[in-house]
Structure formats: structure tokens, C-alpha cells
Amino acid sequence: MARTLELTQLRSFVAVADCGGFHRAANALHVSQPTVSHHIRRLEATIGQPLMVREGRTSRLTAAGEMLLADARRMLEIHDEAMRRIGNAPETDEVVVGSTEHAADQLLPELASALQASLGVARIRFRLDRGAVLQTALDRGDVDLALLFGAPDDDRSTGSGRLTLRWYSAPGWAPPTDGAAIPLVAFDEPCAIRNRALETLAAHHTPAAVVCDAAYLGGVLAAARAGLGVALLATVGRTPEGLVERDDLPVAEPIALAVRSRRGLRRELAVEAARSIRQVLDVAG
């Protein structure tokens with residue numbers, strides 16, 4: 001009987017190669033790790049030689065695996081393109097989108113419906129966390145896409161616009177008039193907006209000191225409402241409850257946003273997500 005390469009097995013093979021291990025590949029494909037292992041064993045039986053060698057928690061390709069990988073990518077690309085072209089591509093059940101908390105209460109409701117329409121998925125599930133945590137979740141395959149601060153820095157990142165930053169404080173707060181440092185409340189490090197606040201004031205020769213930092217947005221807002229200091233926030237057009245916008249401090253430059261995808265995710269999903277985010281920001285701005 002002629003040997004036949006099965007697409008499901010090839011998809012698992014490519015996922016392991018892209019993700020660097022069986023566990024991450026299983027997360028990326030939303031299947032169990034034993035299923036991925038079974039696919040690789042069946043594929044190796046069809047080929048007649050080993051394709052991968054496990055090294056601890058990671059895996060590397062054998063010479064035969066390297067030869068098969070390029071052909072496997074082409075076969076899957078042709079298959080997926082044909083399915084998309086004839087309109088019978090299976091719908092992705094769920095896409096998990098990671099985001100920092102900045103402007104989440106204002107941006108995410110509009111973004112959820114925009115992403116669902118543009119990505120053609122049944123459900124969008126959001127995960128709110130710090131940027132560094134979301135990067136780790138992407139590498140593990142726990143998150144499909146993440147909205148992160150900063151310009152695109154590799155082929156897994158796509159620019160998605162810029163967020164306007166504004167200063168906010170409690171209604172009765174006033175900046176010091178005796179030359180003392182401006183008291184700031186901010187996210188704890190590392191935080192791109194915290195850095196932007198300090199850099200903006202320093203560029204205008206305005207002394208500043210962080211008097212309260214918090215791990216999450218709720219803590220930053222609470223400290224600002226209590227009058228502990230001023231906060232630089234991304235608010236997408238609405239003033240947070242209990243705060244007022246300040247126009248007596250130096251204007252901060254907007255901060256770039258990028259959508260980053262996990263390994264193995266179709267490139268067009270990240271591109272469509274970035275386009276949807278730009279549209280939402282244009283409307284909100």
C-alpha cells in the first residue's frame with residue numbers, strides 16, 4: 001500500500017517545529033500533548049525514520065525532519081488557501097487576546113465586536129495582565145494574540161496605531177508651586193507609560209518622583225483619586241470616574257501599540273486584529 005502523508009499529522013509536526021516543543025505545540029493547536037506525540041509517531045512511521053529528537057522540554061529536527069518541514073509548510077499552505085477560497089475553511093472556535101489594563105474598560109467592548117467580525121471566530125476571550133506576563137503566555141501558547149506597547153520588533157508583530165496619553169488627578173489636587181518634585185502615581189516597573197511620564201517631565205526640566213506605584217490599574221486610579229499625585233493614563237477619549245484631566249503639565253507623546261502573535265498562528269489573524277484595533281482607535285480618537 002502506498003504511503004500517504006496525513007495533513008493533521010503534518011500540522012502537528014509544523015507546530016512542534018515552530019513552538020519548539022510538544023507541550024507548546026499542543027497549546028497552540030488546542031489539543032492534548034499525547035495527541036501531538038501520537039501524530040508525530042504516526043508521521044515518523046509513514047516516513048520510515050525519526051523526524052525529531054527530544055532534548056529536555058524542547059525538540060530539535062533531525063536531517064529528515066529539516067527536509068520535510070519546508071514541504072509540510074507548502075502542503076498545509078495550499079490546503080488552507082484552497083479551503084479559504086472555496087469558503088469551507090473550518091471556523092476557529094475561540095481566539096484568546098491578551099491586553100494590558102490601560103484603557104481596557106473603554107477600548108475592549110468596541111474591540112471585542114470588531115475582532116469577532118474581522119477574524120471570523122465564534123468567541124473572543126480576553127486576558128488582562130502585565131506586558132511581560134503576556135509575552136510569556138504567548139511563548140507558552142496560552143494566548144493567541146497580545147496587544148502590547150511598543151513598535152513591531154519582529155515578524156510576529158504588527159503595528160496597530162498609537163494610544164493618546166493624558167494627565168489625570170483628583171479634582172482638588174494641584175502641582176507644587178515651590179519647585180518640589182511633581183508626585184506621580186504609576187504602575188510598578190517595568191511599564192512603558194511610567195517611563196513615558198518620567199521622560200516627558202524630565203524633557204521639560206520638571207522634577208518628578210513616584211510616590212505610589214501599583215501592580216494593577218485599580219491601584220493607580222485609587223491613588224490618584226486619593227490625591228496622592230498625578231497619573232499619566234491612556235483613556236481613549238473618556239475621563240476616568242473621580243478624576244479630572246490636567247492641562248497644566250507637559251503633553252506626553254502618544255505610545256505605539258503592536259499586536260504580537262504566538263508561534264504557529266496564521267499571519268492573517270494578527271494583520272486583521274491590528275487593522276481592527278486601528279479602526280477602533282480612529283473612532284475613539
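Name the pairs: first residue in region 136-147 and farther than 15 Å from L111 by Cβ and open to solvent by 50 Å² or more (accessible area, probe 1.4 Å), second residue of a type in the set (S, T, N, Q) and modelled with pLDDT under 85, Cβ to Cβ under 7 Å, at least 6 apart or on different chains?
Listed pairs, sorted by first residue: R140/N27; D142/N27.
Take the conditions outside any helix (DSSP H, G or I), surrounded by 12 or more Cβ atoms within 10 Å (Cβ to Cβ) and either modelled with pLDDT of 85 or more or of a type in the set (D, E, K, R) (or both) and apply them to D248. Does it pass?
When the stated conditions are applied, D248 does not pass them.
Taking the condition of being without any contact (Cβ under 8 Å) to a residue 40 or more places away in the chain and farther than 17 Å from D71 by Cβ, how many residues in region 3-22 meet it?
Here the count works out to 2.
From the set of residues in region 183-204 that are in contact (Cβ under 8 Å) with a residue 12 or more places away in the chain and of a type in the set (D, E, K, R), which is least open to solvent (accessible area, probe 1.4 Å)?
Only one residue tops the list, namely R194.
When you scan region 13-58, how many residues do you find that are of a type in the set (S, T, Y) and closer than 22 Å to D144 by Cβ?
Residues flagged as of a type in the set (S, T, Y) and closer than 22 Å to D144 by Cβ within region 13-58 amount to 3.
Return the only residue of M52, M75 being touching a Gly at 6+ places or on another chain (Cβ under 9 Å) and touching a residue at least 24 places away in the same chain (Cβ under 8 Å).
Selected residue: M52, the only one of M52, M75 that is touching a Gly at 6+ places or on another chain (Cβ under 9 Å) and touching a residue at least 24 places away in the same chain (Cβ under 8 Å).
Determine whether R275 is on the phi < 0 side of the Ramachandran plot, assigned to a helix (DSSP H, G or I), in contact with a helix residue (DSSP H, G or I) (Cβ under 9 Å, 6 or more places away or on another chain) and of a type in the set (K, R).
yes
Can you report the number of residues in region 54-68 which are under 20 Å from Q33 (Cα atoms) and either surrounded by 11 or more Cβ atoms within 10 Å (Cβ to Cβ) or in contact with a helix residue (DSSP H, G or I) (Cβ under 8 Å, 6 or more places away or on another chain) (or both)? Walk me through it before giving the result.
Looking only at region 54-68, we keep the residues that are under 20 Å from Q33 (Cα atoms), and these are 54-61, 65.
Among the residues that remain, those that are also either surrounded by 11 or more Cβ atoms within 10 Å (Cβ to Cβ) or in contact with a helix residue (DSSP H, G or I) (Cβ under 8 Å, 6 or more places away or on another chain) (or both) are: 54, 57-61, 65.
Residues that pass the stated criteria total 7.
Would you say V259 is farther than 23 Å from P175 by Cβ, buried (at least 16 other Cβ atoms within 10 Å of the Cβ) and among the β-branched types (V, I, T)?
Yes: the conditions hold for V259.
Run P207 past the list (1) open to solvent by 30 Å² or more (accessible area, probe 1.4 Å); (2) more than 16 Å from W167 (Cβ to Cβ) and report the number of the one that doesn't hold.
(2)
Please verify whether region 210-229 includes one or more residues that are open to solvent by 40 Å² or more (accessible area, probe 1.4 Å), in contact with a Leu (Cβ under 8 Å, 6 or more places away or on another chain), aliphatic (A, V, I, L, M) and part of a strand (DSSP E or B).
yes
Which number in (1) surrounded by fewer than 17 Cβ atoms within 10 Å (Cβ to Cβ); (2) closer than 30 Å to R194 by Cα; (3) modelled with pLDDT of 75 or more marks the one condition that D105 misses?
Every listed condition holds for D105 apart from (3).
The values are calculated or read from the model by the stated rules, or taken from the named source; none is laboratory data. Given the structure is predicted, the values throughout are model-derived calculations rather than measurements. Here the Cβ is made from the backbone with ideal geometry for all residues, glycine too, and neighbour counts use every protein chain on show. For the accessible areas, the whole protein counts, side chains as well, though only heavy atoms, and no ligand, DNA or RNA atoms are used. Shrake-Rupley method; radii C 1.70, N 1.55, O 1.52, S 1.80 Å.
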